[in-house]
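Chemist: Once you've had a glance at the structure underneath, I'll fire off some questions.
The values are calculated or read from the model by the stated rules, or taken from the named source; none is laboratory data. The shown structure was predicted, so the numbers you read here are calculated from the model rather than taken from an experiment. Positions of Cβ are backbone-derived with ideal geometry, glycine not excepted, and every protein chain shown enters the neighbour counts. Heads up: the accessible areas ignore ligands, DNA and RNA and are worked out on the full protein's heavy atoms, side chains in. Shrake-Rupley method; radii C 1.70, N 1.55, O 1.52, S 1.80 Å.
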Amino acid sequence: MAPIVTYGPAQAAVPLVLDSPHSGFTFPADFNAAVSEFDLRDGEDCFVDELYLPATELGLPLLAAQFPRTYLDPNRHAGDIDLDLVEGGHWPHAHVPSGKHRIGKALIWRTLDDGRAIYARKLAVAEIVGRIERCHAPYHRTLAQLLDAAHRRFGRVFHINCHSMPHVGGKMGEGGAGRARADFVLGDRDGSSCAPAFTAEVARVLRGLGYSVAINDPYKGVELVRAYSNPAAGRHSLQLEINKRLYMDEATRSKHAGFARLQADLMTLLRELLAWTRRP
């Protein structure tokens, strides 16, 4: 299977682009993890690509990773290497740490959310480079192409980086263990990755639909909003986290009856945002 898939139009018919970097669960043969595939899905944003799939009928492209986040996290810089996971503790290429290694969640995850080690071994440099070339590079290249095409056509582009989150924080989770999350968390890197009006409009629509919304708490947005945002140039990126309890059973990783309502509400949100982008 290809490492990525783009649903919907090859180029955006509207100035809005979606990507789902963490909904994949096709396990590469060279993973060689020390925990089960079920446990490795701990980091998965289950069904997020499916939740947003009807958006393609509105003219939005949806880029989705097919590989698991625990294999490689495309929401990291390619140089965000956890040296504790590398054979010899040395990375010979550009090293761009984000600090995520402290919770075991750099480019290649070292631990699950509950703190368990994913590997009973170190990873060779060549192994990590191979994952970057097969998974990280095509994901970022395709997202850049989608955003650039929309920007050329419309003079501006709005990018929603689509995620879901556990309803409470785990041992190695953002914001602290046991902390309950809002229904939605919007991350604009403290107002730097998109126009404040865009964040405010997303929050307004979601609250109008009856959801609780937090902004930059505990998720501010990571590499996929940082790398492709430049509000002054008309490039706006927003990370949108959905509380998993709204649509799935986290213990069994299966959808529940709330899925259909949430999917319909997300389409309402996107239609409202499309109308907002057409305003002078």
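Chemist: Helix-only estimate, please: 222 nm mean residue ellipticity of the chain, summing -39500 (n - 2.57) across DSSP H runs of length 4 or more and dividing by its residues, to the nearest 500.
Modeler: Computed ellipticity for the chain at 222 nm equals -7500 deg cm²/dmol.
Chemist: Which value, in Å², gives the accessible area per residue of the chain when a 1.4 Å probe is used on the protein heavy atoms?
Modeler: That works out to 40 Å² per residue.
Chemist: Determine how large the accessible area of HIS163 is when every protein chain is in place; take a 1.4 Å probe and give Å² rounded to the nearest 10.
Modeler: In the full protein context, HIS163 sits at about 0 Å².
Chemist: Tell me the label only: which of [x] 44, 22, 18; [y] 29, 21, 17; [z] 37, 19, 17 is semi-axes √(5λ) of the Cα gyration tensor in Å as calculated from this structure?
Modeler: [y]
Chemist: Full extension from ARG116 to ARG261: what is 0.36 nm times the residue separation minus their Cα-Cα distance, to one decimal in nm?
Modeler: Extra length from ARG116 to ARG261 when fully extended: 48.8 nm.
Chemist: Could I ask something else about it? Only helices at least 24 Å long along their own axis, judged from Cα atoms, and with Kyte-Doolittle mean hydropathy of -1.0 or greater: name those in the chain from DSSP H.
Modeler: 137-154, 258-277
Chemist: Right, another one. Only Cα pairs within less than 10 Å get springs; with that Gaussian network setup on the chain, which residue of ARG152, ARG76, ARG41 has the largest fluctuation?
Modeler: ARG152
Chemist: Return a single number: how many Lys pairs in the chain, at a sequence separation of 8 or more or on separate chains, have alpha-carbon atoms below 21 angstrom apart.
Modeler: The result is 11.
Chemist: Would you kindly find the accessible area of TRP91, with a 1.4 Å probe and non-protein molecules such as ligands, DNA and RNA excluded, rounding to the nearest 10 Å²?
Modeler: Per-residue accessible area (TRP91): approximately 20 Å².
Chemist: Rounded to the nearest 20 debye, what is the charge dipole size of the chain about its Cα centre when +1 sits on each Lys and Arg Cβ and -1 on each Asp and Glu Cβ?
Modeler: 600 debye
Chemist: Using a 1.4 Å probe on the protein heavy atoms only, what accessible surface does VAL17 show? Give it in Å² to the nearest 10.
Modeler: Accessible surface of VAL17 is approximately 0 Å².
Chemist: Another question, if that's okay. Separation between the ASP190 and ARG278 pseudo-spin-labels, each 7 Å from Cα along Cα→Cβ, expressed in nm?
Modeler: Between ASP190 and ARG278, the simple spin-label model gives 3.8 nm.
Chemist: Using the alpha-carbon centroid of each, what span in Å lies between the stretch 33-85 and the stretch 204-220?
Modeler: 22 Å
Chemist: Now for a separate question. Residue farthest toward the positive end of the dipole of the stretch 1-140, with Cβ of Lys/Arg at +1 and Asp/Glu at -1: which of LEU83, ASN32, ALA55?
Modeler: LEU83
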